[in-house]
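For reference, the structure is listed below as structure tokens.
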Amino acid sequence: MIVTETVHEEKSSYSISPPNYDALWKKLISELFKEFMQFFAPDLYDDIDFTQKPDFLQQELHKLIIKEREGTNYTDQIVKIPMQSGEDKWVLIHIEVEGKPSEILPKRMFRYFYRIYDKFDHEIYAIALITSDTESSYPDNFHYSFHGTKIEYTYNVYKFNDHAKEELEQSSNPFAAAIIAAKKANESKEDAKVRLSFKRELMKQVLRRFSYKDEQSNYYLHALFYFIDYLLKVPHDLQTTLRDDLTEYIGKEDVHQMKTNEMEVSPTLAGIFEDLEKMAIEKGLEKGMEEGIEKGIEKGIEKGIEEGMEKGMEKGMEKGIGKGMEKGIEKGKAEGSKEAKLSIARNLLHEEFSNEKVIELTGLQNDEIETLRETLDN
């Protein structure tokens, strides 16, 4: 089994409410673990058996590093993954946000290594991800020496700052976009408008890279939108601007096809879906009222004339037609109202609203809605 520990340190301050780095990185890694290993550990990737789902175990590592965590902002995560060979291995992942080079990181990496190794006695693949935008060098080893007793512990390091945006844009792996987002977060700490520009550009790049028409690609799209949305937060007014821009960029018809029941929707996409749902309701109500009333009154008048002519034969053509017209118009209005509701319901069903929502908006009965739905389906 591969056991993955995610450690995350939050040390940066933002003028806008800071994102929860821990939750965002853990969420993305858990949703796209296969892609994470492919991007950051390609030498180990082919040996992992991804036909079985990873098992994320939160409490195991807590027991090992509980004292280490006291008074810190670390988080951790364990994932068990079977290898192709059937052997057990471990992966130790450390994510350092805005960390500064020091002896703390190497020592911490070594401590986690020996505690995990001592407890489980498995091979360990260790990697530290450094999101800092500084040019400082980060050590990839821990050295200890005391009168002939020596320890040399080396682990893998991936520094975001070593990889240019142009290089990352060439990758089809979704974690390349996540790294770009982390780099943009560093570059726009104090300027919300700059952050909005970065966010809009990156979301459009994700939309171009990952099509909602493909199931796996759409999964990447939603996972990245959620990550980017919270990592690059902008004020409410700028968020509204972003929603409008993306709605126009995507197209109203295409937005409907992006919905998924499998994943938590990002705030930006949720806002776009909500706006379009309101527009669909308004459009359905307006169109339904126009079509229903017009059709209903037309039928009512026609029926009224017929009734008037019949009564006219008995009580006099002129008087009968007049009363029949009057009664027919009244009945036509009533039927028009009913027809309007039915027409509204047809439009709402066409927009894929649920039976319960259509009943709430029109006041029709469930059996009437079911009949309409069957008619539309046929």
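Just for the range 240-265: of the residues that are touching a Ser or Thr at 6+ places or on another chain (Cβ under 7 Å) and open to solvent by less than 30 Å² (accessible area, probe 1.4 Å), which one is farthest from Glu190 (Cα to Cα)?
Here is the first cut: in the range 240-265, the residues touching a Ser or Thr at 6+ places or on another chain (Cβ under 7 Å) are 242-243, 246, 255.
In the following step, the residues that additionally are open to solvent by less than 30 Å² (accessible area, probe 1.4 Å) were identified as 242, 246, 255.
Working: Leu242: 18, Leu246: 24, Val255: 32 Å.
The residue in question is Val255.
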Exercise. Tell me which residues, restricted to the range 152-178, are out of contact with any strand residue (DSSP E or B) (no Cβ under 9 Å at 6 or more places or on another chain), touching a residue at least 12 places away in the same chain (Cβ under 8 Å) and in a helix (DSSP H, G or I).
Key: Lys165, Leu168, Glu169, Pro174, Phe175, Ala176, Ala177, Ala178
Practice problem: Could you tell me whether the range 1-17 includes any residue that is crowded, with 17+ Cβ neighbours inside 10 Å and modelled with pLDDT of 70 or more? | Solution: no
Practice problem: Considering only residues that are open to solvent by 70 Å² or more (accessible area, probe 1.4 Å) and under 30 Å from the mean Cα position of the chain (by Cα), look in the range 123-166 and name the one that is nearest to Pro42 (Cα to Cα). | Solution: Asp162
Quiz prompt | All positions within the range 199-217 that are open to solvent by 10 Å² or more (accessible area, probe 1.4 Å) and assigned to a helix (DSSP H, G or I) | solution = Arg200, Glu201, Lys204, Gln205, Leu207, Arg208, Arg209, Glu215, Gln216, Ser217
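If you go through the range 34-46 one residue at a time, do you hit one that is small (Gly, Ala, Ser), modelled with pLDDT of 70 or more and out of contact with any Asp or Glu (no Cβ under 7 Å at 6 or more places or on another chain)? Full working, then the answer.
We begin by selecting, within the range 34-46, every residue small (Gly, Ala, Ser); these are 41.
Then drop every residue that is not modelled with pLDDT of 70 or more, which leaves 41.
Now restrict to residues that are out of contact with any Asp or Glu (no Cβ under 7 Å at 6 or more places or on another chain): 41.
Scanning the range 34-46 turns up at least one residue that is small (Gly, Ala, Ser), modelled with pLDDT of 70 or more and out of contact with any Asp or Glu (no Cβ under 7 Å at 6 or more places or on another chain).
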Quiz item: Do we have any residue at all in the range 161-173 that's at pLDDT below 90 and closer than 24 Å to Lys278 by Cα?
Solution: no
Quiz item: Filter the range 100-140 for residues that are touching a Phe, Trp or Tyr at 6+ places or on another chain (Cβ under 8 Å) and in a loop (DSSP other than H, G, I, E, B); which is modelled with the highest pLDDT?
Solution: Asp140
Quiz prompt | Residue tally, condition of a type outside the set (Val, Ile, Thr), touching a helix residue (DSSP H, G or I) at 6+ places or on another chain (Cβ under 7 Å) and over 17 Å from Phe175 (Cβ atoms), over the range 209-238 | solution = 4
Quiz item: Out of the range 179-196, which residues are surrounded by fewer than 19 Cβ atoms within 10 Å (Cβ to Cβ) and either among the polar types (S, T, N, Q) or in a loop (DSSP other than H, G, I, E, B) (or both)?
Solution: Asn186, Lys189, Glu190, Asp191
Exercise. Check off (1) free of Cβ contacts under 8 Å to residues at least 24 places away in the same chain; (2) in contact with a helix residue (DSSP H, G or I) (Cβ under 6 Å, 6 or more places away or on another chain) for Phe142 and give me the number that stays unchecked.
Key: (1)
Self-check item: Scan of the range 218-239 for residues that are open to solvent by 40 Å² or more (accessible area, probe 1.4 Å), touching a residue at least 12 places away in the same chain (Cβ under 8 Å) and more than 12 Å from Lys27 (Cβ to Cβ), ordered by number
Solution: Tyr219, Lys233, Pro235
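The values are calculated or read from the model by the stated rules, or taken from the named source; none is laboratory data. If you're wondering where the values come from, they're calculated on a predicted model, not measured in any experiment. Glycine also receives a Cβ, built like all others from the backbone with ideal geometry; neighbour counts cover every protein chain displayed. Ligands, DNA and RNA are stripped out before the accessible areas are found, and what is left, the full protein with its side chains, is counted by its heavy atoms. Shrake-Rupley method; radii C 1.70, N 1.55, O 1.52, S 1.80 Å.
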